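Report on one structure; see the data block that follows.
The values are calculated or read from the model by the stated rules, or taken from the named source; none is laboratory data. Bear in mind the structure is a predicted one, so any value in this text is a computation, not a measurement. Cβ sites come from the backbone with ideal geometry, for glycine too, and all protein chains shown count toward neighbours.
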Amino acid sequence: MGWARLHGVRPVLGADLIVECAPMPPRTYGRGGTTVGNAWLHGGLGGPVRRRHESRHADQYALLGTTPFLALYGLNALLTRNDPRRNVFERWAGLADGGYATGPGRTRTARTATSSSA
């Protein structure tokens, strides 16, 4: 939350205990948004569906602990060539809720649209 405050954003605690930090400036978070613990940083892609996806990531942090989760997520991203459709943590959080297209050969997020080789 210090990162959000440093960038002039006031974090807001929701009833679900997710701390929403928005709107963050571009390039201060990954993809369409980033969750660290129970803090969700994004540029304005809020809403209940995306919040549900990020809440599941917060649950993953809680279950595994910060260091193990970050290490396993990073390893999974490396092994899947950073394709969220193949990343087990993104799949468990719900690809559609996270804004990821599930069609063959495409990876779409709100911030990027790239082809992937399959």
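Just to check your reading of the model, which residue among G65, G94, G46 is modelled with pLDDT under 95 and under 21 Å from D16 (Cα atoms)? Among G65, G94, G46, only G46 is modelled with pLDDT under 95 and under 21 Å from D16 (Cα atoms).
Residues in the range 48-72 that are surrounded by fewer than 16 Cβ atoms within 10 Å (Cβ to Cβ) and either touching a Gly at 6+ places or on another chain (Cβ under 6 Å) or not β-branched (V, I, T) (or both): P48, R52, D59, A62, L63, L64, G65, P68, L70, A71, L72. Comparison of L45, L75 shows that the only residue that is out of contact with any Gly (no Cβ under 8 Å at 6 or more places or on another chain) and aliphatic (A, V, I, L, M) is L75.
Matching residues to (1) more than 19 Å from V88 (Cβ to Cβ); (2) among the hydroxyl-bearing types (S, T, Y):
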| residue | (1), (2) |
| --- | --- |
| W3 | yes, no |
| V19 | yes, no |
| Y29 | yes, yes |
| H42 | yes, no |
| R52 | no, no |
| D59 | no, no |
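Scan the range 59-81 and tell me whether some residue there is closer than 18 Å to G98 by Cα, in contact (Cβ under 8 Å) with a residue 40 or more places away in the chain and of a type outside the set (G, A, S). The answer is no; no qualifying residue exists. Cβ separations smaller than 8 Å between residues 6+ apart or across chains give the following pairs from the range 91-102 residues that are within 13 Å of G47 (Cα to Cα) to residues that are part of a loop (DSSP other than H, G, I, E, B): G98/G32; G98/P84; G98/T109; G99/G32; G99/L45; G99/T109; G99/A110. Output the residues belonging to the range 1-40 that are in contact with a Pro (Cβ under 9 Å, 6 or more places away or on another chain), part of a strand (DSSP E or B) and either in contact (Cβ under 8 Å) with a residue 24 or more places away in the chain or not β-branched (V, I, T) (or both). Answer for the range 1-40, where residues must be in contact with a Pro (Cβ under 9 Å, 6 or more places away or on another chain), part of a strand (DSSP E or B) and either in contact (Cβ under 8 Å) with a residue 24 or more places away in the chain or not β-branched (V, I, T) (or both): E20, C21, A39.
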